[in-house]
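Derivation of every value follows stated rules applied to the coordinates shown; laboratory data play no part. Just so it is clear, the model here is predicted, and its values are computed rather than measured.
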Amino acid sequence: MIALKRREPIMNPVVHLIGCGTRPTREIPEFAATLRTTGWDPYLIPSPVGLRFLDLAEAEARSGRSVRWDFDPDDPVGLPRAELVVVAPASFNTITKLGAGIADTLALAVISEAVGGGMPVLVVPWMNADLAAHPAYVQALASLRAWGVHILPADQSEPFPWTTLREQMDWIGSKAH
């Protein structure tokens, strides 16, 4: 289990920002820096494949936090409780595992605990049309929606919708208060 600790006092709402193994994950450090200037406190938790797309030093510098991506039995992950969990970009693999209840990475465990705990979760799928048509993906999306997960559609033929994502985060964040 991930230890979700409440920080006292809360200055800015915490967001757990999870990036998966897709090209837009390279842009997460810049997005995290933008979030910091717009009142969010981002904690980056890439999937193991997502980590390959990040410049770790840049991600930590721009987010202002250590990047966590793996379980370490000698160093339990102590993340503050988030107001929102954002999975962007979300890969086919992450979405189908999440829809099946698989939590075999730190990123999936954080998302799964948020879903199970009734915390707001926002997912931005990012994959090609053939993967999006796969029956396991369609079923996983239906499950996520039934569980109350917010889905922000994105089109790979266009740039990743970082601005729309931030607007959705602000809207969901305002509903949570």
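Worth pointing out:
- Look at the alpha carbon pairs under 8 Å that are at least 6 residues apart: their mean separation over the length of the chain gives a relative contact order of 23 percent.
- Summarising the amide proton neighbourhood of Ile151: residues at separation of 5 or more, or on other chains, whose placed amide H is nearer than 5 Å comprise Val123.
- Converting phi to 3J(HN,Hα) with the Karplus coefficients 6.51, -1.76 and 1.60 and the offset θ = phi - 60°, region 91-101 yields 7, 3, 4, 5, 5, 5, 5, 4, x, 8, x Hz in sequence order, with x at every glycine or proline.
- Considering only the Cα atoms of the chain, their convex hull presents on average a projected area of 9.6 nm².
- Amide H to amide H, with H built 1.01 Å from N, Leu79 comes under 5 Å of Ala3, Lys5, counting only residues 5 or more places away or on other chains.
- 3J(HN,Hα) from dihedral phi, region 54-67, Karplus parametrisation 6.51/-1.76/1.60, rounded to Hz, x for glycine, proline: 9, 8, 4, 4, 5, 4, 6, 5, 7, 8, x, 9, 5, 8
- Gaussian network model of the chain, Cα within-10 Å springs - most flexible of Asp130, Asp55, Asp72: Asp130
- Out of every Cα-Cα pair that region 84-131 contains, those further apart than 12 angstrom amount to 60 percent.
- All-pairs Cα distance distribution in region 94-177, expressed in whole percent, bin size 5 Å: 3, 13, 23, 24, 22, 13, 2, 0
- Scanning residues 5 or more positions from Asp41 or on other chains, those with amide H under 5 Å from its amide H are Val14, Val15, with H placed 1.01 Å from N in the peptide plane.
- Result for the chain in a Gaussian network model with C-alpha springs under 10 Å: among Pro135, Pro80, Pro24, the largest mean-square fluctuation is at Pro135.
- Coupling constants for region 159-172 follow from the phi torsions by the Karplus curve (6.51 cos²θ - 1.76 cosθ + 1.60, θ = phi - 60°), and in residue order they are x, 4, x, 4, 5, 5, 4, 4, 4, 5, 4, 5, 5, 5 Hz; glycine and proline get x.
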